[in-house]
1. All other residues with a Cβ under 13 Å from the Cβ of residue 91 taken together, and with Lys, Arg as +1 and Asp, Glu as -1, what is their net charge?
2. Taking R0 as 30 Å, what's the FRET efficiency between residue 54 and residue 81 from their Cβ-Cβ distance, rounded to 0.05?
3. Once the Cβ-Cβ distance between residue 35 and residue 106 is put in as r, and R0 is 30 Å, what FRET efficiency do you end up with, to the nearest 0.05?
4. The stretch 53-98 to the stretch 8-36: how many Å between their Cα centroids?
5. Cβ neighbours within 10 Å, averaged per peptide: list 31-40, 49-58 in order, most packed at the top.
6. Want the number for residue 19 to residue 73: 0.36 nm per residue separation, take away the alpha-carbon distance, what's left?
Amino acid sequence: MTSMKKEIWFTPAYEPSIISGDLTRTFRGALAPQKNNNYQPGNLVLCKFHVNGSFSSNAYLLEVLRAGEVNIRDLKDTDFNRSDMHSSEELLERFQTFYGRQYRDADRIRIIDFKYMF
């Protein structure tokens, strides 16, 4: 395992599912090197929870198990198992809110699988 000062953010609603191990996958937009979000297998990542621009005091350590890119149109229903999204449609809607631009089926996104450490 390698340790770098990387963070991954979620809304507080996901906290119980991350701790229990029910949530083990997330989807993210394009790499942004200035945000240090090039997650790689073995990375230890600080998981933080945000609401309206501020963070809760709770933070956890996650280990990245797998990180890869895929076109949205190539996602299968099973890709959403144990994730923070339920469908491609939800992903497209939420990504527009998160990233401030409209994503399309041909766009590439990242899938990050992780394990709660503590």
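Values in this text are rule-based calculations from the coordinates and carry no lab data. None of the values given here were measured: they were computed from a predicted structure. Positions of Cβ are backbone-derived with ideal geometry, glycine not excepted, and every protein chain shown enters the neighbour counts.
1. Local net charge: -1.
2. Given R0 = 30 Å and the Cβ-Cβ separation, E is 0.45.
3. Rounded to the nearest 0.05, the efficiency is 0.80.
4. The distance from the Cα centre of the stretch 53-98 to that of the stretch 8-36 comes to 7 Å.
5. Packing order, densest peptide first, comes out as 31-40, 49-58.
6. Net length gain for the segment: 16.4 nm.
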